[in-house]
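The structure under discussion appears below in the form of structure tokens.
The values are calculated or read from the model by the stated rules, or taken from the named source; none is laboratory data. None of the values given here were measured: they were computed from a predicted structure. Note that each Cβ is placed from the backbone with ideal geometry, even for glycine, and that neighbours are counted across all protein chains shown. For accessibility, only protein heavy atoms count, side chains too; no ligands or nucleic acids. Shrake-Rupley method; radii C 1.70, N 1.55, O 1.52, S 1.80 Å.
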Amino acid sequence: MSFDVISIVGLGYIGLPTAAAFAARRKTVIGVEVNRTTVDTINRGDVHIVEPELDMLVRAAVTQGYLRATTEAEQADAFLIAVPTPFHDGHKPNLTYIEAACCAIAPMLKAGDLIVLESTSPVGTTEKVAEWLAAVRSDLTFPQQAGENSDIRIAYCPERVLPGHVIRELVENDRVIGGMTARCSEAAAELYRIFVRGDCILTDARTAEMCKLTENSFRDVNIAFANELSIISDKLDINVWELIRLANRHPRVNILQPGPGVGGHCIAVDPWFIVDSAPDDSQLIRTARNVNDSKPGYVIERVARAAQRFREPVIACFGLAFKANIDDLRESPAVSIVQHLADRFPGQVIAVEPNIDALPPALDGHVRLVEAAQALAVADIIVILVDHVQFKRIDPIRMQAKVVVDTRGVLIRG
Ligand code: SAJ
């Protein structure tokens, strides 16, 4: 198969780096994006998201004419869907963005085209994609109708890249590729081999969908275990960081780190897709989600207890991002903790976040954003919410006279 023109639908955290990766291999890439401002930004050679090296790659791709963004789908040889899959109330997966992407590309399809879904999705979504497309294009055959001989090939291939390392991981990570038929898998593998240096491992669509959900649920359950240990250790007067370090010296134990809760748009969301598919059988996965979601409340209560010792303490919160060394505040447990503390202790909460210049709307007007030195000078209580490298460099002596609630073990782990 030859993929001369590749269309990426959704130019977000995954779609844009993927588009840039194909363009870097001198493929003509058409990015389809509903947000006009994003389209204009990319067509100027700029980027709308922060990710190391992405700006350089996009600028080169656009100026050399390999990448172009548009709001309307156009014909291509392969379509890659990378749109969000959030959940509705009650943790029900919301597939409306995927359905809209299918509606947009269906009129452009021709025999021989390949469609790959990358969005994290509940099991069975790839089959739905095939149904949505077939409903619009009765003139073409699809894998559920014609098997290996279908005009259109459809596969699922989850992204697995870690924010902050996207460009490297996009190329180096192995890819799990689940076609609706073996030919669909082969076609998708050929597409990814254009830039992927890791292995492309073939399976069926449902297994590939579940594989993505399993990876993130595994991490969530492991973090929940660490978070539960941290609460138990507080009660038993044990240092949880030392405890985990020692337990991990066992050759078959590898516990992750506790924190103030689990943030981001993947680990805190994806396990719910499994729970929704098999509610009666997902007890451990559901419990892990609840344990991690309850951790911010536990931290807030710890700070409130510490505050009882003071008349009007200044509470300095170190870190707002959802994890270390990034500027991403979305679904950040740190933001939610600071917001609750600011409600409870109005005028007394300050925040330090070296990776941003302005506070998010949820905190603006309620909290002051200050430099670390100022916070260290005025704070009575220090709450460490993110293990940014800048915080690890602070001399612990500067916190000695303060009450410190260290949710990330920064002072212990260094
Ligand atoms: N966290 C802890 N303790 C830990 C590790 C993480 O509390 O030991 C917290 C972080 O602080 C953060 C949250 O968990 O709030 C998630 O961070 P993360 O680094 O575990 O994961 P993400 O959301 O940045 O990226 C994950 C990755 N999945 C796995 O490692 C299995 C990434 O490979 C996926 O591509 C990504 O989800 C995704 O897009 O699904």
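General observations
- Amide H contacts of residue 47 (H built 1.01 Å from N, in plane; Pro and chain starts excluded): no residue 5 or more places away or on another chain comes under 5 Å.
- Over the residues of the chain, the helix contribution to mean residue ellipticity at 222 nm works out to -12500 deg cm²/dmol, using -39500 (n - 2.57) for each DSSP H run of at least 4.
- ³J(HN,Hα) computed for each position of region 259-269 - Karplus, 6.51 cos²θ - 1.76 cosθ + 1.60, integer Hz, glycine/proline x: x, x, x, 10, x, x, 10, 10, 5, 7, 10
- Other-chain or far-sequence residues with amide H under 5 Å of residue 67's (modelled H): 29, 62
- Cα gyration tensor category, rounded, prolate or oblate, for region 213-320 with a/c compared to 1.5: oblate
- Cα gyration tensor, the chain - rounded (a/c under 1.5), prolate or oblate: prolate
- Ranked packing of 126-132, 152-158, most packed first, by mean Cβ within 10 Å: 152-158, 126-132
- C-alpha long axis of helix 54-63 to longest principal axis of the chain, angle in °: 30
- Surface composition of region 5-198: carbon plus sulfur atoms hold 51% of the accessible area, using a 1.4 angstrom probe and ignoring ligands, DNA and RNA.
- Accessible area of region 239-413 divided out per residue, in Å², using a probe of 1.4 angstrom: 49
- Region 239-413 - percent of accessible surface contributed by carbon and sulfur, probe 1.4 Å: 48
- Neighbourhood charge, 11 Å Cβ-Cβ cut-off, centred on residue 177 and excluding it, Lys, Arg +1 and Asp, Glu -1: -4
- Cα-based shape type of region 1-150, given that a ≥ b ≥ c are square roots of the gyration tensor eigenvalues and the cut on a/c is 1.5: oblate
- Helix 15-24 vs. the chain, principal-axis angle (Cα, 0 to 90°, nearest 10): 60
- Based on Cα contacts under 8 Å between residues 6+ apart, the chain shows a relative contact order of 10 percent.
- Subset of 92/235; 212/392; 295/402; 235/402; 212/235 violating a 25 Å alpha-carbon distance limit: 92/235; 212/392; 212/235
- Per residue, the accessible area of region 5-198 comes to 41 Å², computed with a 1.4 Å probe over protein heavy atoms only.
- Using the Karplus relation 6.51 cos²θ - 1.76 cosθ + 1.60 with θ = phi - 60°, the per-residue 3J(HN,Hα) values for region 112-123 come to x, 6, 10, 10, 10, 8, 10, 4, 4, 9, x, 4 Hz, with x marking Gly and Pro.
- Ranked by how many other beta carbons lie within 10 Å on average, peptides 18-24, 350-356, 85-91 from highest: 18-24, 350-356, 85-91
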